[in-house]
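The values are calculated or read from the model by the stated rules, or taken from the named source; none is laboratory data. Just so it is clear, the model here is predicted, and its values are computed rather than measured. Positions of Cβ are backbone-derived with ideal geometry, glycine not excepted, and every protein chain shown enters the neighbour counts. We work out accessible area using only protein heavy atoms, side chains counted, and drop any ligands, DNA or RNA first. Shrake-Rupley method; radii C 1.70, N 1.55, O 1.52, S 1.80 Å.
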Amino acid sequence: MTTARNPRVGILGAGQLALMLAEAAPIVGADILCAGRPGDCAERVAPVLPVDLNNPHAVAEFSKSVDLLTIESENIDAHVLHGLPLYPNARAIGTAQDRLLEKHFFVDCGLEVAPFAPVNDLVSLHAAIREVGLPAILKTRRLGYDGKGQVRLTHPDQAADARAAVGEVPCILEGMVAFDTEVSLIAARNRSGQLAFYPLTENFHRDGILRISRAPSHPELQSLAEQHLAHLLERLEYIGVLAVEFFVRGTHLLANEMAPRVHNSGHWTIEGSDTSQFENHLRAILGLPLGSTDSRPTLMFNCIGSMPPPEATAAFPSIARHDYGKSPRPGRKVGHLTVPAADTAAVAFLESLLGPPRL
Ligand code: AMP
(Lines give C-alpha, C1' and ligand atoms only; values in the text may rest on other atoms or scores of the structure.)
Protein backbone atom coordinates (compact mmCIF):
# COMPACT_ATOMS: atom_id res chain seq x y z
CA MET A 1 0.00 0.00 0.00
CA THR A 2 1.34 3.44 -0.89
CA THR A 3 0.68 6.29 1.46
CA ALA A 4 -0.14 9.58 -0.28
CA ARG A 5 1.86 12.51 1.04
CA ASN A 6 0.16 15.66 2.34
CA PRO A 7 -0.39 18.44 -0.17
CA ARG A 8 2.29 21.09 0.25
CA VAL A 9 1.09 24.70 0.33
CA GLY A 10 3.61 27.48 -0.19
CA ILE A 11 2.88 30.86 1.35
CA LEU A 12 4.49 33.99 -0.10
CA GLY A 13 5.26 35.78 3.15
CA ALA A 14 5.91 34.50 6.67
CA GLY A 15 4.25 36.99 9.01
CA GLN A 16 1.35 36.44 11.41
CA LEU A 17 -1.16 35.54 8.69
CA ALA A 18 1.17 32.78 7.46
CA LEU A 19 1.65 31.72 11.08
CA MET A 20 -2.11 31.31 11.62
CA LEU A 21 -2.54 29.54 8.26
CA ALA A 22 0.22 27.13 9.31
CA GLU A 23 -1.53 26.56 12.66
CA ALA A 24 -4.70 25.52 10.75
CA ALA A 25 -2.88 23.28 8.25
CA PRO A 26 -2.82 20.03 10.33
CA ILE A 27 -6.65 20.14 10.56
CA VAL A 28 -6.88 19.72 6.77
CA GLY A 29 -3.78 17.53 6.42
CA ALA A 30 -1.62 20.06 4.57
CA ASP A 31 2.06 20.88 4.98
CA ILE A 32 3.16 24.52 4.85
CA LEU A 33 6.35 26.03 3.52
CA CYS A 34 6.78 29.81 3.73
CA ALA A 35 8.85 32.14 1.59
CA GLY A 36 10.17 34.92 3.77
CA ARG A 37 13.11 36.13 5.80
CA PRO A 38 14.98 34.54 8.70
CA GLY A 39 13.28 35.55 11.96
CA ASP A 40 9.79 36.02 10.43
CA CYS A 41 7.17 35.02 12.96
CA ALA A 42 5.74 32.02 11.03
CA GLU A 43 9.09 30.29 11.70
CA ARG A 44 7.69 29.12 15.04
CA VAL A 45 5.26 26.74 13.32
CA ALA A 46 6.46 26.17 9.75
CA PRO A 47 9.73 26.09 7.78
CA VAL A 48 10.60 29.48 6.27
CA LEU A 49 12.90 29.54 3.25
CA PRO A 50 14.74 32.80 2.60
CA VAL A 51 13.23 34.11 -0.65
CA ASP A 52 13.37 37.61 -2.13
CA LEU A 53 9.67 38.18 -2.92
CA ASN A 54 10.62 40.90 -5.43
CA ASN A 55 12.65 38.45 -7.52
CA PRO A 56 10.53 36.49 -10.04
CA HIS A 57 13.22 33.79 -10.46
CA ALA A 58 13.52 33.22 -6.72
CA VAL A 59 9.74 32.96 -6.35
CA ALA A 60 9.47 30.61 -9.38
CA GLU A 61 12.19 28.41 -7.82
CA PHE A 62 10.32 28.37 -4.49
CA SER A 63 7.10 27.36 -6.27
CA LYS A 64 8.83 24.16 -7.49
CA SER A 65 9.04 22.87 -3.91
CA VAL A 66 5.26 23.12 -3.30
CA ASP A 67 2.02 21.93 -4.95
CA LEU A 68 0.31 25.31 -4.90
CA LEU A 69 0.91 28.83 -3.69
CA THR A 70 -1.01 31.43 -1.73
CA ILE A 71 -0.15 34.86 -0.34
CA GLU A 72 -0.31 36.61 2.99
CA SER A 73 0.20 40.10 1.54
CA GLU A 74 -1.24 41.59 -1.64
CA ASN A 75 1.78 43.84 -2.05
CA ILE A 76 3.81 41.51 -4.24
CA ASP A 77 4.50 42.82 -7.72
CA ALA A 78 2.28 41.39 -10.48
CA HIS A 79 5.29 40.46 -12.65
CA VAL A 80 6.52 38.18 -9.83
CA LEU A 81 3.16 36.39 -9.62
CA HIS A 82 2.75 35.69 -13.33
CA GLY A 83 2.47 32.02 -14.34
CA LEU A 84 2.48 30.56 -10.80
CA PRO A 85 -0.01 27.96 -9.41
CA LEU A 86 -1.42 30.76 -7.28
CA TYR A 87 -4.68 31.01 -5.28
CA PRO A 88 -6.27 33.53 -5.40
CA ASN A 89 -5.28 34.31 -8.99
CA ALA A 90 -2.90 37.11 -10.00
CA ARG A 91 -5.73 39.17 -11.56
CA ALA A 92 -7.59 39.30 -8.22
CA ILE A 93 -4.39 40.24 -6.37
CA GLY A 94 -3.50 42.86 -9.01
CA THR A 95 -6.94 44.45 -8.70
CA ALA A 96 -6.74 44.58 -4.90
CA GLN A 97 -3.24 46.06 -4.82
CA ASP A 98 -4.18 49.17 -6.82
CA ARG A 99 -6.81 51.43 -5.24
CA LEU A 100 -7.84 52.91 -8.60
CA LEU A 101 -8.38 49.51 -10.29
CA GLU A 102 -10.15 48.31 -7.16
CA LYS A 103 -12.55 51.28 -7.09
CA HIS A 104 -13.39 50.87 -10.80
CA PHE A 105 -13.94 47.15 -10.22
CA PHE A 106 -16.33 47.84 -7.31
CA VAL A 107 -18.27 50.32 -9.47
CA ASP A 108 -18.39 47.83 -12.39
CA CYS A 109 -19.86 45.26 -10.02
CA GLY A 110 -22.58 47.70 -8.95
CA LEU A 111 -21.21 48.52 -5.48
CA GLU A 112 -21.42 52.00 -4.00
CA VAL A 113 -18.10 53.70 -3.20
CA ALA A 114 -16.95 57.10 -1.88
CA PRO A 115 -16.48 59.72 -4.62
CA PHE A 116 -12.96 59.36 -6.05
CA ALA A 117 -10.69 60.65 -8.80
CA PRO A 118 -7.20 59.69 -10.02
CA VAL A 119 -4.24 61.93 -9.12
CA ASN A 120 -0.92 61.87 -10.97
CA ASP A 121 0.42 65.37 -10.30
CA LEU A 122 -0.51 68.68 -8.68
CA VAL A 123 -2.71 69.74 -11.61
CA SER A 124 -4.78 66.58 -11.47
CA LEU A 125 -4.96 66.87 -7.66
CA HIS A 126 -6.60 70.30 -7.99
CA ALA A 127 -8.98 68.89 -10.62
CA ALA A 128 -9.77 65.99 -8.28
CA ILE A 129 -10.48 68.39 -5.40
CA ARG A 130 -13.00 70.21 -7.61
CA GLU A 131 -14.60 66.91 -8.64
CA VAL A 132 -14.64 65.10 -5.28
CA GLY A 133 -14.94 68.04 -2.89
CA LEU A 134 -13.36 68.53 0.54
CA PRO A 135 -12.70 67.16 3.10
CA ALA A 136 -11.00 64.32 1.27
CA ILE A 137 -8.17 61.83 1.67
CA LEU A 138 -5.25 61.51 -0.72
CA LYS A 139 -4.25 57.83 -0.82
CA THR A 140 -1.38 56.21 -2.70
CA ARG A 141 -2.71 53.76 -5.30
CA ARG A 142 -0.33 51.05 -4.12
CA LEU A 143 1.35 49.86 -0.92
CA GLY A 144 -0.90 51.64 1.56
CA TYR A 145 -1.98 49.75 4.68
CA ASP A 146 -2.99 50.57 8.26
CA GLY A 147 -3.55 54.21 7.29
CA LYS A 148 -0.05 54.54 5.77
CA GLY A 149 0.27 56.47 2.48
CA GLN A 150 -2.74 58.63 3.33
CA VAL A 151 -3.13 62.36 3.96
CA ARG A 152 -6.32 64.24 4.80
CA LEU A 153 -7.09 67.53 3.06
CA THR A 154 -9.53 70.15 4.24
CA HIS A 155 -8.39 73.10 2.06
CA PRO A 156 -7.03 73.35 -1.53
CA ASP A 157 -3.95 75.19 -0.13
CA GLN A 158 -2.82 71.86 1.39
CA ALA A 159 -2.55 70.19 -2.02
CA ALA A 160 1.21 70.60 -2.62
CA ASP A 161 2.13 69.51 0.93
CA ALA A 162 -0.20 66.51 0.67
CA ARG A 163 1.45 65.40 -2.61
CA ALA A 164 4.88 65.76 -1.02
CA ALA A 165 3.76 63.84 2.08
CA VAL A 166 2.69 60.78 0.07
CA GLY A 167 5.85 60.89 -2.05
CA GLU A 168 4.63 62.22 -5.44
CA VAL A 169 3.45 58.73 -6.50
CA PRO A 170 0.20 57.85 -8.36
CA CYS A 171 -2.72 58.38 -6.00
CA ILE A 172 -6.47 58.65 -5.75
CA LEU A 173 -8.36 61.41 -3.99
CA GLU A 174 -11.29 60.04 -2.05
CA GLY A 175 -14.11 62.07 -0.50
CA MET A 176 -14.41 61.70 3.29
CA VAL A 177 -17.38 59.53 4.13
CA ALA A 178 -19.41 60.53 7.18
CA PHE A 179 -20.00 56.91 8.08
CA ASP A 180 -22.01 55.46 10.98
CA THR A 181 -19.53 52.65 11.43
CA GLU A 182 -17.21 50.30 9.55
CA VAL A 183 -17.83 46.62 8.86
CA SER A 184 -16.14 43.86 6.91
CA LEU A 185 -17.40 40.69 5.31
CA ILE A 186 -15.15 37.69 4.95
CA ALA A 187 -16.10 35.06 2.40
CA ALA A 188 -14.56 31.93 0.96
CA ARG A 189 -15.00 30.39 -2.49
CA ASN A 190 -13.53 26.95 -3.22
CA ARG A 191 -12.45 25.36 -6.47
CA SER A 192 -15.96 24.02 -7.14
CA GLY A 193 -17.48 27.46 -6.69
CA GLN A 194 -18.95 26.70 -3.23
CA LEU A 195 -19.36 29.90 -1.20
CA ALA A 196 -19.28 30.49 2.55
CA PHE A 197 -19.80 33.77 4.40
CA TYR A 198 -18.95 34.77 7.95
CA PRO A 199 -21.20 37.16 9.87
CA LEU A 200 -20.54 40.85 9.26
CA THR A 201 -17.90 42.15 11.64
CA GLU A 202 -17.84 45.69 13.04
CA ASN A 203 -14.39 47.24 13.11
CA PHE A 204 -13.00 50.06 15.24
CA HIS A 205 -9.83 51.82 14.09
CA ARG A 206 -7.54 54.33 15.78
CA ASP A 207 -4.76 56.14 13.87
CA GLY A 208 -5.75 54.09 10.79
CA ILE A 209 -4.99 50.79 12.60
CA LEU A 210 -7.67 48.19 13.40
CA ARG A 211 -8.03 47.97 17.18
CA ILE A 212 -11.20 45.97 17.86
CA SER A 213 -13.49 43.71 15.83
CA ARG A 214 -16.90 42.57 17.02
CA ALA A 215 -19.08 39.93 15.37
CA PRO A 216 -21.82 39.48 14.49
CA SER A 217 -22.95 43.00 13.65
CA HIS A 218 -25.57 44.67 11.46
CA PRO A 219 -27.51 41.47 10.60
CA GLU A 220 -29.91 43.60 8.53
CA LEU A 221 -27.04 44.28 6.08
CA GLN A 222 -25.75 40.69 5.96
CA SER A 223 -27.60 39.57 2.85
CA LEU A 224 -26.73 42.77 0.90
CA ALA A 225 -23.05 42.32 1.79
CA GLU A 226 -23.19 38.63 0.81
CA GLN A 227 -24.71 39.52 -2.59
CA HIS A 228 -21.87 41.99 -3.16
CA LEU A 229 -19.16 39.49 -2.27
CA ALA A 230 -20.74 36.67 -4.29
CA HIS A 231 -20.64 39.00 -7.30
CA LEU A 232 -17.01 40.07 -6.73
CA LEU A 233 -15.85 36.48 -6.15
CA GLU A 234 -17.49 35.19 -9.30
CA ARG A 235 -16.28 38.06 -11.49
CA LEU A 236 -12.70 37.45 -10.31
CA GLU A 237 -13.00 33.63 -10.60
CA TYR A 238 -11.66 33.83 -7.09
CA ILE A 239 -10.48 30.87 -5.03
CA GLY A 240 -9.69 31.39 -1.35
CA VAL A 241 -10.75 33.84 1.35
CA LEU A 242 -11.62 37.42 0.38
CA ALA A 243 -12.31 40.25 2.83
CA VAL A 244 -14.14 43.44 1.87
CA GLU A 245 -14.28 46.48 4.16
CA PHE A 246 -17.35 48.69 3.96
CA PHE A 247 -18.45 52.02 5.40
CA VAL A 248 -22.00 51.81 6.77
CA ARG A 249 -24.18 54.86 6.13
CA GLY A 250 -27.79 54.25 7.10
CA THR A 251 -28.90 51.25 5.05
CA HIS A 252 -26.05 51.73 2.53
CA LEU A 253 -22.79 49.84 2.29
CA LEU A 254 -19.94 51.75 0.59
CA ALA A 255 -17.06 49.48 -0.41
CA ASN A 256 -13.76 50.86 0.92
CA GLU A 257 -11.23 48.19 0.03
CA MET A 258 -10.74 44.47 -0.41
CA ALA A 259 -8.00 42.15 0.79
CA PRO A 260 -7.35 39.05 -1.34
CA ARG A 261 -6.36 36.98 1.68
CA VAL A 262 -7.24 36.15 5.26
CA HIS A 263 -7.87 39.36 7.17
CA ASN A 264 -7.24 40.86 10.59
CA SER A 265 -10.98 41.44 11.09
CA GLY A 266 -11.48 37.66 10.78
CA HIS A 267 -9.04 36.57 13.48
CA TRP A 268 -11.95 36.12 15.90
CA THR A 269 -13.14 33.15 13.77
CA ILE A 270 -10.39 30.93 15.27
CA GLU A 271 -12.35 30.66 18.51
CA GLY A 272 -15.69 32.18 17.44
CA SER A 273 -16.65 30.06 14.40
CA ASP A 274 -17.02 26.36 13.70
CA THR A 275 -14.33 26.75 11.00
CA SER A 276 -11.76 29.55 11.12
CA GLN A 277 -11.03 31.80 8.11
CA PHE A 278 -7.56 30.19 8.01
CA GLU A 279 -8.93 26.64 7.74
CA ASN A 280 -11.51 27.73 5.16
CA HIS A 281 -8.85 29.46 3.08
CA LEU A 282 -6.82 26.23 3.00
CA ARG A 283 -9.97 24.19 2.28
CA ALA A 284 -10.87 26.54 -0.60
CA ILE A 285 -7.46 26.46 -2.29
CA LEU A 286 -6.99 22.70 -1.77
CA GLY A 287 -10.34 21.95 -3.44
CA LEU A 288 -11.97 20.68 -0.23
CA PRO A 289 -15.55 21.37 0.86
CA LEU A 290 -15.80 24.52 2.98
CA GLY A 291 -16.45 24.19 6.70
CA SER A 292 -19.39 25.61 8.61
CA THR A 293 -19.20 29.33 9.40
CA ASP A 294 -21.73 29.09 12.23
CA SER A 295 -20.43 31.53 14.80
CA ARG A 296 -20.82 32.74 18.37
CA PRO A 297 -20.75 36.45 19.37
CA THR A 298 -17.05 37.26 19.79
CA LEU A 299 -14.72 40.24 20.11
CA MET A 300 -11.10 40.52 19.04
CA PHE A 301 -8.67 43.07 20.46
CA ASN A 302 -5.45 43.79 18.56
CA CYS A 303 -2.31 44.22 20.64
CA ILE A 304 -0.46 47.16 19.09
CA GLY A 305 3.13 47.85 20.18
CA SER A 306 3.33 45.19 22.90
CA MET A 307 1.42 42.28 24.44
CA PRO A 308 -0.27 42.71 27.81
CA PRO A 309 1.48 40.62 30.49
CA PRO A 310 0.28 36.96 30.47
CA GLU A 311 -0.66 37.06 34.16
CA ALA A 312 -3.17 39.88 33.45
CA THR A 313 -5.08 37.99 30.76
CA ALA A 314 -4.69 34.58 32.47
CA ALA A 315 -7.05 35.80 35.21
CA PHE A 316 -9.82 35.47 32.59
CA PRO A 317 -9.88 31.89 31.27
CA SER A 318 -12.21 32.79 28.38
CA ILE A 319 -9.58 35.12 26.83
CA ALA A 320 -7.60 33.40 24.05
CA ARG A 321 -4.14 34.85 23.65
CA HIS A 322 -2.36 34.94 20.29
CA ASP A 323 1.19 36.21 20.71
CA TYR A 324 2.90 36.39 17.31
CA GLY A 325 6.33 36.33 19.00
CA LYS A 326 7.35 39.69 17.50
CA SER A 327 9.58 42.10 19.38
CA PRO A 328 7.65 45.10 20.76
CA ARG A 329 7.66 48.28 18.66
CA PRO A 330 5.26 51.26 18.64
CA GLY A 331 2.48 50.79 16.06
CA ARG A 332 3.37 47.13 15.36
CA LYS A 333 0.72 44.40 15.49
CA VAL A 334 2.32 41.93 17.87
CA GLY A 335 -0.70 39.78 18.75
CA HIS A 336 -4.40 39.67 19.43
CA LEU A 337 -6.82 38.56 22.12
CA THR A 338 -10.19 36.95 21.51
CA VAL A 339 -13.04 36.86 23.98
CA PRO A 340 -16.65 35.60 23.85
CA ALA A 341 -19.07 38.55 24.02
CA ALA A 342 -21.04 36.67 26.69
CA ASP A 343 -18.17 37.03 29.18
CA THR A 344 -18.94 40.65 29.97
CA ALA A 345 -16.37 40.84 32.80
CA ALA A 346 -13.57 39.73 30.46
CA VAL A 347 -14.77 42.13 27.73
CA ALA A 348 -14.85 45.04 30.22
CA PHE A 349 -11.33 44.10 31.36
CA LEU A 350 -9.98 44.13 27.78
CA GLU A 351 -11.76 47.41 27.03
CA SER A 352 -10.07 48.99 30.06
CA LEU A 353 -6.71 47.51 29.00
CA LEU A 354 -6.79 48.16 25.23
CA GLY A 355 -9.45 50.82 24.68
CA PRO A 356 -13.25 50.73 24.49
CA PRO A 357 -15.07 49.69 21.24
CA ARG A 358 -16.26 53.29 20.65
CA LEU A 359 -12.97 54.92 19.73
P1 AMP B 1 -7.92 52.30 4.38
O2 AMP B 1 -6.45 52.03 4.40
O3 AMP B 1 -8.41 52.82 3.09
O4 AMP B 1 -8.71 51.12 4.87
O5 AMP B 1 -8.16 53.44 5.47
C6 AMP B 1 -7.91 53.21 6.86
C7 AMP B 1 -9.03 53.83 7.68
O8 AMP B 1 -9.10 55.26 7.42
C9 AMP B 1 -10.42 53.29 7.34
O10 AMP B 1 -10.70 52.09 7.99
C11 AMP B 1 -11.29 54.47 7.83
O12 AMP B 1 -11.39 54.44 9.25
C13 AMP B 1 -10.47 55.68 7.42
N14 AMP B 1 -10.87 56.09 6.06
C15 AMP B 1 -10.33 55.68 4.89
N16 AMP B 1 -10.95 56.22 3.83
C17 AMP B 1 -11.93 56.99 4.32
C18 AMP B 1 -12.95 57.82 3.71
N19 AMP B 1 -13.04 57.96 2.39
N20 AMP B 1 -13.80 58.48 4.54
C21 AMP B 1 -13.69 58.37 5.88
N22 AMP B 1 -12.75 57.60 6.52
C23 AMP B 1 -11.88 56.92 5.75
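With each label point set 7 Å from Cα along the Cα-Cβ vector, what nm distance links residue 191 and residue 296?
Placing both labels 7 Å beyond Cα along the Cβ direction yields 3.4 nm.
Which whole-number percent gives the relative contact order of the chain, counting Cα pairs below 8 Å spaced six or more residues apart?
Taking the mean separation of contacting Cα pairs over the length of the chain, I get 13 percent.
What ³J(HN,Hα) values, in whole Hz, does the Karplus curve 6.51 cos²θ - 1.76 cosθ + 1.60 give for region 240-249 when θ = phi - 60°, with x put for Gly and Pro?
x, 9, 10, 10, 10, 9, 10, 8, 9, 10
If the elastic network links every pair of Cα atoms under 10 Å, which of 15, 331, 149 fluctuates the most in the Gaussian network model of the chain?
331
Leaving ligands, DNA and RNA out of it, report the carbon-plus-sulfur percent of the accessible area of the chain at a 1.4 Å probe.
Reported share for carbon and sulfur atoms: 53 percent.
So for region 115-175, averaging the separation of alpha carbon pairs under 8 Å that are six or more residues apart and normalising by length, what relative contact order in percent results?
Result for region 115-175 is 49 percent.
Taking the Cα-to-Cβ direction at residue 344 and at residue 8 and moving 7 Å from each Cα, how far apart do the two end points lie in nm?
Distance between label points: 5.3 nm.
Need one number: nm distance between label points at residue 143 and residue 209, each 7 Å from Cα along Cα→Cβ, rounded to one decimal.
Using points 7 Å along Cα→Cβ, the separation is 2.1 nm.
How large is the charge dipole for the chain, taken about the Cα centre, if only the Cβ atoms of Lys, Arg (+1) and Asp, Glu (-1) carry charge, to the nearest 20 debye?
It works out to roughly 360 debye.
Hey, can you find the accessible area per residue of the chain for me, probe 1.4 Å, expressed in square angstrom?
Roughly 42 Å² per residue, with all protein chains present.
Heads up, I need the accessible area for residue 270: 1.4 angstrom probe, whole protein in place, Å², nearest 10.
Using a 1.4 Å probe on the heavy atoms, I get roughly 60 Å².
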